[in-house]
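Structure, as structure tokens:
The values are calculated or read from the model by the stated rules, or taken from the named source; none is laboratory data. None of these values were measured; they are calculated from a predicted model. Cβ placement follows ideal geometry from the backbone for every residue including glycine, while neighbour counts extend to all protein chains displayed. Please note that ligands, DNA and RNA were not included when accessible areas were found on the heavy atoms of the full protein model with its side chains. Shrake-Rupley method; radii C 1.70, N 1.55, O 1.52, S 1.80 Å.
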Amino acid sequence: MKLTKITSLLLAAALSLSLAACGAAPVSSESAAESASVSESVVESEASSAAETAVDAAVTYPLTVTDQLGREVTIESEPKTLASGYYISTSLLIALGVKDELVGVEAKAAKRSLYTLSAPEIQELPSIGTAKEFDLEGCAALQPDLVIVPAKLKDSIPAMEELGLTVLAVKPEDQSKLFEAVDLLAKATNTVAAGEALKNHITDSLTALSAAVSGTEAPSVYLAGNSSVLETAGPAMYQNTLIENANGTNVAADVTDTYWSEVSYEQLLAWNPDYIVLASDASYTVEDVLQDAALADCKAVQDGHVYQLPHAVEAVDSPVPGSFLGSWYLASVLHPETVTEQDYVTAADTFYSTFYGFTPADHD
């Protein structure tokens, strides 16, 4: 893939956000599968057309939405203060442009590089706890107009509502459900146009990636877990999506676990993957795997094909808005002849500058 093609595509997404801010319908670039390139003239034409056919994306209140637990929730008036007990929803709210409405965030926010780079002020906000130890009273004391929590806190929601809190639960387990979460929060916070721009950007970028790797041979990939190289992700996990988007074959395709599955050295050697890829938050290193005597006969180790997913900004193997960048990185590893490292860098720079207001200094 030529860099000019990617740059033009991502320019379309950037223009989408600009138009969305003005109330215009977001721009969708021409499908990369239908055209070998996306010229700037096409982008400009689409931008002009979108501006001419702009629609009012504002919502009206009271507003009733269905959250990702299937609960119908009525939001009486446009929320002016928000509390987010989940890093994925916090990241989404920043991308939607409502970070200034946040009055409380999840625990350990101060340790998240994405916040440091895009919204350091929210790291000083009160913590409302975690999915395991939610601070109900602390959250209520902030008197937020709307609280967003992970679906894991479903048993705590009745108590929140008894305290007068309006609560939405999100469960973005895959790309489709991530987009559902975008729609939910965008509608709830009256930022529908920004939500559409975000989804269009991700969709267009993945369409271009699919065109780039189309026709290439799919190598076998073993995606190792956070705690140990002997943990892997089966098809039920979000990490499997990254492998598929990059045109790889998951050697653990028959694993039925819905979380990290423990395997033996014998099983890993039997799979004998072409590539071993470590999770973004792996507590061990690429060098640890390369020097593991038990894996000396593994093809990936012998060929030096052991890598770690990017983690400098955020863990791109979790369903955050920027997770599609993990697919770009993995494709640059599996198919460097069609997707270069610079292509991945360009995709990351354009995305983070457009939706988070910074350009990463480190892309690893």
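Residues in region 154-189 that are β-branched (Val, Ile, Thr) and under 15 Å from Leu136 (Cα atoms): Ile157, Thr166, Val167.
Taking the criterion of being outside any strand (DSSP E or B) and of a type in the set (Val, Ile, Thr), the only residue of region 168-183 that qualifies is Val182. Between Ser89, Ser127, the distinction of being buried (at least 22 other Cβ atoms within 10 Å of the Cβ) and not basic (Lys, Arg) belongs to Ser89 only. Inside region 221-240, residues that are in a helix (DSSP H, G or I) and either open to solvent by 30 Å² or more (accessible area, probe 1.4 Å) or among the acidic types (Asp, Glu) (or both) make up a count of 0.
The C-beta contact set for region 57-75 (first residue aliphatic (A, V, I, L, M), second residue surrounded by fewer than 16 Cβ atoms within 10 Å (Cβ to Cβ) and assigned to a strand (DSSP E or B), distance under 8 angstrom, 6+ apart or interchain) comprises Leu63/Thr74; Val65/Glu72; Val73/Thr64; Val73/Thr66; Ile75/Thr64. Return a yes/no flag: does region 159-167 have any residue that is in contact with a helix residue (DSSP H, G or I) (Cβ under 8 Å, 6 or more places away or on another chain), in a helix (DSSP H, G or I), surrounded by fewer than 24 Cβ atoms within 10 Å (Cβ to Cβ) and among the aliphatic types (A, V, I, L, M). Looking for residues that are in contact with a helix residue (DSSP H, G or I) (Cβ under 8 Å, 6 or more places away or on another chain), in a helix (DSSP H, G or I), surrounded by fewer than 24 Cβ atoms within 10 Å (Cβ to Cβ) and among the aliphatic types (A, V, I, L, M), one finds at least one in region 159-167, hence yes. Looking at Ala186, Ala194, Ala211, Ala218, can you tell me which residue is closer than 30 Å to Tyr265 by Cβ, of a type in the set (Gly, Ala, Ser) and either in a helix (DSSP H, G or I) or in contact (Cβ under 8 Å) with a residue 12 or more places away in the chain (or both)? Testing whether each residue is closer than 30 Å to Tyr265 by Cβ, of a type in the set (Gly, Ala, Ser) and either in a helix (DSSP H, G or I) or in contact (Cβ under 8 Å) with a residue 12 or more places away in the chain (or both) leaves just Ala218. Take the residues in region 169-183 that are without any contact (Cβ under 8 Å) to a residue 40 or more places away in the chain and not acidic (Asp, Glu); name whichever of them is most open to solvent (accessible area, probe 1.4 Å). Result: Ser176. Taking residues in region 243-272 that are of a type in the set (A, V, I, L, M, F, W, C), and partners anywhere that are open to solvent by 70 Å² or more (accessible area, probe 1.4 Å) and at pLDDT below 95, not one pair has Cβ atoms closer than 9 Å while being at least 6 places apart or on different chains.
For the condition acidic (Asp, Glu) and modelled with pLDDT of 95 or more, Asp292 qualifies.
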